[in-house]
Amino acid sequence: MKPLSLLPPDAARALAGVIFDLDDTVLDHGALTEAAYAALFRLRETGLALIACTGRPAGWGEVLQRQWPIDATIVENGALALVREEESDAAGHRGGHAPRAGASRVVTLDDLDREARRARRAELIGLANDMVRRFPAAALADDNDLRVTDVTIDIGEHRHVPPEDVQKMRAELRERGVRTLLSSVHLHLTYDPSDKATGIVRLLSARFGEDPTRARHRYAFVGDSGNDGVAFAAFVLTFGVANVRAHLGKLSVPPQFVASLPMGRGFAEIAQQIAELRKNAPEP
Ligand SMILES: [Mg+2]
């Protein structure tokens, strides 16, 4: 991993956008700092598209997409994306009421309809309930009401589940055709094949008109840990905040550049370097 000072100016200037993880990348242990939030505005001022990409629930993404200065939010580890649509573009606007000027709504991009999602998720909830009955150290996580595609079992947020129990649960779920993803606090159960990299590329080609191969060069990715590994491998220009160093053992491809500071301050440092290089671009 190289220091940010070695970022080539041309690489920063060639970017169309920046995609970033939230927990422990933009957020410090879940909290949004002034420095990290301001960094989003500095990046945006240089003409970059901004996309958040997280394992957090769809319900979180909806709030972020309404309030933050970002163009899209990918949630549930790549399974869904949320974007804003101008009211005049949105389907279903009928009845002769003109939309309020500048009004927009947040829409969820999903290949499956809500009914199919609900049916799939009901099955996953049944399986998760069976698991927590049989492994009583575990419990359903408290963010499940906001989820659309996956179900989370708390293994390390408010509970402490022995690693051997986690392994047994994963093995049983795999036998029942369920894909599991492990974060430091949750075991995710899903039938969806997406990960952060496939979710990003699907969004970029569906909504940003990007060719999937070219998108790897036109967008940078910023992250910190294991579930960002696929994106560190997929994108050409990648950045880690300083705390990524603790996770290098789990990353087959480390980020190309690393900040000297952790979490939100590291994100601000990366944003500032990119913004400076873009602002100082020579006139074409
Ligand atoms: Mg993270």
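Yes or no: the range 196-209 includes at least one residue that is touching a helix residue (DSSP H, G or I) at 6+ places or on another chain (Cβ under 6 Å), in a loop (DSSP other than H, G, I, E, B) and either within 15 Å of the ligand (Cβ to nearest atom) or touching a residue at least 12 places away in the same chain (Cβ under 8 Å) (or both).
no
Can you spot a residue in the range 30-37 that is within 11 Å of the ligand (Cβ to nearest atom), at pLDDT below 95, assigned by TED's automatic domain parsing to the domain that holds residue 84 and out of contact with any Ser or Thr (no Cβ under 6 Å at 6 or more places or on another chain)?
Yes: the range 30-37 contains one or more residues that are within 11 Å of the ligand (Cβ to nearest atom), at pLDDT below 95, assigned by TED's automatic domain parsing to the domain that holds residue 84 and out of contact with any Ser or Thr (no Cβ under 6 Å at 6 or more places or on another chain).
Looking for something touching a His at 6+ places or on another chain (Cβ under 7 Å) and within 12 Å of the ligand (Cβ to nearest atom) - is there at least one such residue anywhere in the range 225-232?
There is at least one residue in the range 225-232 that is touching a His at 6+ places or on another chain (Cβ under 7 Å) and within 12 Å of the ligand (Cβ to nearest atom).
Here is a check on your reading of the model: is residue 186 over 30 Å from residue 85 (Cβ atoms), modelled with pLDDT under 95 and open to solvent by less than 40 Å² (accessible area, probe 1.4 Å)?
So residue 186 passes the test.
Among the residues of the range 47-63, are any more than 23 Å from residue 279 (Cβ to Cβ), within 16 Å of the ligand (Cβ to nearest atom) and open to solvent by 30 Å² or more (accessible area, probe 1.4 Å)?
Yes, there is a match, as at least one residue in the range 47-63 is more than 23 Å from residue 279 (Cβ to Cβ), within 16 Å of the ligand (Cβ to nearest atom) and open to solvent by 30 Å² or more (accessible area, probe 1.4 Å).
Out of the range 252-267, which residues are touching a Ser or Thr at 6+ places or on another chain (Cβ under 8 Å) and open to solvent by less than 30 Å² (accessible area, probe 1.4 Å)?
Answer for the range 252-267, where residues must be touching a Ser or Thr at 6+ places or on another chain (Cβ under 8 Å) and open to solvent by less than 30 Å² (accessible area, probe 1.4 Å): 255, 257, 263, 264, 266, 267.
Determine, yes or no, whether residue 148 is within 20 Å of the chain's Cα centre (by Cα) and either among the charged types (D, E, K, R) or open to solvent by less than 30 Å² (accessible area, probe 1.4 Å) (or both).
Taking the combined requirement at face value, the residue satisfies it.
Looking at the range 1-46, which of its residues are under 18 Å from residue 75 (Cα atoms) and aromatic (Phe, Trp, Tyr)?
Passing the criteria: only 20.
Could you list, ordered by first residue, the pairs with Cβ atoms under 6 Å in which the first is in the range 216-234 and farther than 11 Å from residue 196 by Cα and assigned by TED's automatic domain parsing to the domain that holds residue 273 and the second is more than 10 Å from the ligand (Cβ to nearest atom) and aromatic (Phe, Trp, Tyr), at least 6 apart or interchain?
The qualifying pairs are 216/235; 222/239.
Answer with yes or no whether residue 170 is at pLDDT 95 or above and surrounded by fewer than 16 Cβ atoms within 10 Å (Cβ to Cβ).
So residue 170 does not fit the description; no.
Among all residue pairs at least 6 apart or on different chains, which show Cβ distances below 6 Å where the first residue, located in the range 109-122, is within 16 Å of residue 193 (Cα to Cα) and the second is of a type outside the set (Phe, Trp, Tyr) and open to solvent by less than 80 Å² (accessible area, probe 1.4 Å)?
109/81; 110/80; 117/148
On the given criteria, is residue 117 assigned to a helix (DSSP H, G or I), buried (at least 17 other Cβ atoms within 10 Å of the Cβ) and of a type in the set (D, E, K, R)?
The answer is yes for residue 117.
The values are calculated or read from the model by the stated rules, or taken from the named source; none is laboratory data. Everything numeric in this text was worked out from a predicted model, so none of it was measured. All Cβ positions, even for glycine, are placed from backbone atoms using ideal geometry, and neighbour counts span all protein chains on display. What goes into the accessible areas is simple: the full protein's heavy atoms, side chains included, and nothing from ligands, DNA or RNA. Shrake-Rupley method; radii C 1.70, N 1.55, O 1.52, S 1.80 Å.
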